[in-house]
Amino acid sequence: MTFDKILPQLIELTTNVGEEILSYYKNDIKVELKADKTPLTIADKNAHQSIVNALSQLTQNIPILSEESDAIAFKQRSKWQEYWLIDPLDGTRDFIEQTGEFCICIAYIKNHQAIFGLVYAPLTHTHYYGFDNSAYQIHNNIKTRLKVCVATQPLRVVTGHYSAHNQQLQAHLEQLGEHQLSCLGSALKFCKIAEGIYDYYPRFGPCCEWDTAAGACILQNAGGSVLDENDNPLKYNTKDDLLSPIFFASGK
């Protein structure tokens with residue numbers, strides 16, 4: 001897979017899907033609850049269909065796993081060497097609550113590692129992407145290289161709005177000592193560390209592989225790290241469920 005060649009199409013795709021998502025933003029839309037009690041809207045469904053259709057044409061014969069896909073058994077998934085992993089609308093609750101902190105996430109997984117990540121924030125019209133040891137932001141047609149910065153004192157910590165009161169997180173934050181805590185929705189947390197706006201994102205609450213892959217890949221290609229409790233990089237599609245482990249994302 002040559003990502004340089006298909007990047008312009010992926011940028012165009014996510015821009016168009018972002019416009020589609022924004023057409024529902026701040027409107028009174030119906031919210032369904034999935035089996036796991038997480039919310040689902042027509043924006044999620046339509047974004048999923050648009051991305052899957054486009055990727056199926058762009059890279060034929062490459063499997064696609066989306067948050068909104070029908071369940072695919074691990075017996076089938078375990079045969080995949082490479083596949084697309086997408087979250088068509090990451091931060092659905094933030095979308096519903098109109099915080100603006102939602103994004104489109106597209107990752108490419110090869111041999112259980114995320115080797116390409118693209119995140120698009122529709123409300124700010126900002127793309128982030130990373131592969132081959134480089135990461136970039138595109139905003140207002142200006143392309144900027146992303147490189148993590150040396151951690152500040154006090155440490156700038158970011159976490160999700162809905163996990164800020166997690167007891168494990170609270171205990172972990174107490175051990176950190178002096179720090180500044182901010183809350184931000186979706187995979188944008190990874191991107192903001194890659195930008196140098198935050199230093200550290202510990203995740204103890206539940207999330208899935210499509211929530212982490214694209215953002216983690218961008219941060220890693222910007223010089224940061226995303227490690228599990230055993231200091232190992234995250235792996236994808238290694239088990240029956242698609243839950244991400246506890247992890248710690250950081251710059252330098």
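Are any residues in the range 54-84 within 20 Å of Ala35 (Cβ to Cβ), assigned to a strand (DSSP E or B) and among the aliphatic types (A, V, I, L, M), and if so, which ones?
Leu65
Can you name every residue in the range 95-105 that is crowded, with 22+ Cβ neighbours inside 10 Å and either touching a Lys or Arg at 6+ places or on another chain (Cβ under 8 Å) or not in a strand (DSSP E or B) (or both)?
Across the range 95-105, the qualifying residues are Phe95, Glu101, Phe102.
crowded, with 19+ Cβ neighbours inside 10 Å and over 16 Å from Leu13 (Cα atoms): does that describe Phe74?
Answer is no for this residue.
Among the residues of the range 85-92, are any assigned to a loop (DSSP other than H, G, I, E, B) and touching a residue at least 40 places away in the same chain (Cβ under 8 Å)?
Checked against the condition, which is being assigned to a loop (DSSP other than H, G, I, E, B) and touching a residue at least 40 places away in the same chain (Cβ under 8 Å), the range 85-92 yields at least one hit.
Would you check if Ile6 is in contact with an Asp or Glu (Cβ under 8 Å, 6 or more places away or on another chain) and not in a loop (DSSP other than H, G, I, E, B)?
no
Look at the range 225-248 and say how many of its residues are under 16 Å from Val158 (Cα atoms) and in contact with a helix residue (DSSP H, G or I) (Cβ under 6 Å, 6 or more places away or on another chain).
1
I'd like to know if the range 35-49 contains one or more residues that are of a type in the set (D, E, K, R), assigned to a helix (DSSP H, G or I), in the same structural domain as Gly130 (by TED's automatic domain parsing) and under 20 Å from the mean Cα position of the chain (by Cα).
Yes: the range 35-49 contains one or more residues that are of a type in the set (D, E, K, R), assigned to a helix (DSSP H, G or I), in the same structural domain as Gly130 (by TED's automatic domain parsing) and under 20 Å from the mean Cα position of the chain (by Cα).
Is there any pair linking a residue in the range 139-151 that is closer than 18 Å to Thr124 by Cα and in contact (Cβ under 8 Å) with a residue 12 or more places away in the chain to one that is of a type in the set (Ser, Thr, Tyr) and outside any strand (DSSP E or B), with Cβ under 6 Å and at least six apart or on different chains, and which?
Close Cβ pairs (under 6 Å, with a partner that is of a type in the set (Ser, Thr, Tyr) and outside any strand (DSSP E or B)) do not exist here.
Quick one: in the range 129-138, of everything that is in contact (Cβ under 8 Å) with a residue 60 or more places away in the chain and of a type outside the set (Val, Ile, Thr), which residue is surrounded by the most Cβ atoms within 10 Å (Cβ to Cβ)?
Here the residue is Gly130.
Which of the residues spanning the range 218-252 are among the β-branched types (Val, Ile, Thr), more than 23 Å from Leu173 (Cα to Cα) and assigned to a loop (DSSP other than H, G, I, E, B)?
Thr238, the sole residue that qualifies.
Could you run through the range 152-190 and say how many residues are of a type outside the set (Lys, Arg) and touching a residue at least 40 places away in the same chain (Cβ under 8 Å)?
The number of residues fulfilling the criteria is 16.
Could you please find all residues in the range 12-28 being outside any helix (DSSP H, G or I) and in contact with a helix residue (DSSP H, G or I) (Cβ under 6 Å, 6 or more places away or on another chain)?
Matches in the range 12-28: Tyr24 only.
Could you list, in sequence order, all residues of the range 147-194 that are of a type in the set (D, E, K, R) and in a loop (DSSP other than H, G, I, E, B)?
Lys147, Glu178
Working carefully through the options Asp228, Asp199, Asp240, Asp211, find the one that is buried (at least 19 other Cβ atoms within 10 Å of the Cβ), of a type outside the set (Ser, Thr, Tyr) and over 14 Å from the mean Cα position of the chain (by Cα).
Asp199
The values are calculated or read from the model by the stated rules, or taken from the named source; none is laboratory data. What you are looking at is a predicted structure, and each value in this text was computed from that prediction instead of being measured. As a convention, Cβ positions derive from the backbone with ideal geometry for all residues, glycine included, and neighbour counts pool all protein chains shown.
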